[in-house]
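Below: the structure, in structure tokens.
No value in this document is a laboratory result; all are computed from the given coordinates. The shown structure was predicted, so the numbers you read here are calculated from the model rather than taken from an experiment. Methodologically, a virtual Cβ is constructed for each residue, glycine included, from the backbone with ideal geometry; neighbour enumeration extends over all protein chains shown.
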């Protein structure tokens, strides 16, 4: 079983990753600003650590001794510019913190966005008409974070973009994957439940197939 450190473990996606990891028997260190928010997730394989994803020293402390580091920060946004600043700042901090650990650094797995995925018409998701400014700011911030990771060659990273629509739903354990193109169903929709997104993330941690790449999942 793996030892997994998880930033953003009390977020809408992070908590599903936490539960999926524990379900599979992994040891998880949840790294959060407010440990009290994870009180309901008490488990004998769960440790809770106070940390700050924007502080490279905090990242290094959290990651040391683990097999994987997951970043699920950035959910629950109401301010697009602040969200963008958070995910871009976190990208740089995560890389710097892991870099400081040298060869002992675990691989980094990032909960990303779908905005930069290519659509069937050759554009990108964020080019769709009528998107609100808040959504655009969030998408662009995630895109900037991805571009930053693509410039990083001395840290092992993987960036997982969800389907265009990610939300509540059952855990089926089934999904399809793609790289930079939006994965769609026969009717043109692109969807994944948060639970199955977490399944895909843990599958990747257990059997890495996309080192140094972005990939995406949908039904």
Unit-weight point scatterers at every alpha-carbon of the range 30-118, Debye formula, q = 0.11, 0.14, 0.17 1/Å: log10 I(q)/I(0) is -0.34, -0.55, -0.79
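As a test of the formula, what do you get for the chain when each DSSP H run with n ≥ 4 contributes -39,500 (n - 2.57) and the sum is divided by the residue count, at 222 nm and rounded to the nearest 500 deg cm²/dmol? Walk me through the numbers on the way to the answer.
Working: 5 runs with 69 residues, N = 219.
That comes out to -10000 deg cm²/dmol.
With an 8 Å cut-off on Cα pairs and a minimum separation of 6 or more residues, tell me the relative contact order of the chain in percent.
Computed value for the chain: 19 percent relative contact order.
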Just rank 144, 44, fewest to most, by other beta-carbon atoms within 10 angstrom.
44, 144
Could you state the per residue volume, in Å³, of the convex hull enclosing the Cα atoms of the range 71-152?
93 Å³
Candidates 128, 145, 63: whichever shows maximal mean-square fluctuation once the chain is modelled as a Gaussian network with Cα springs under 10 Å:
128
Evaluate the distance, in nm, between pseudo-label points positioned 7 Å from the Cα of residue 61 and of residue 209 along their respective Cα→Cβ axes.
3.8 nm
Going from the fewest other Cβ atoms within 10 Å to the most, one would list 158, 216, 78 as 78, 158, 216
Sorting 215, 149 on the 10 Å Cβ count, fewest up front, what's the list?
215, 149
If you consider only alpha-carbon coordinates, what radius of gyration and Dmax does the range 63-105 have, in Å?
12.5, 38
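Which of the peptides 94-104, 110-120 is most tightly packed, and how do the rest follow, judged by the mean count of other Cβ atoms within 10 Å per residue? Show your work: numbers first, answer last.
Numbers: 94-104: 16.8, 110-120: 21.7.
The peptides rank, most packed first, as 110-120, 94-104.
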Pair-distance profile P(r), taking every C-alpha pair of the range 3-218, with 10 angstrom steps and integer %:
9, 36, 39, 15, 2
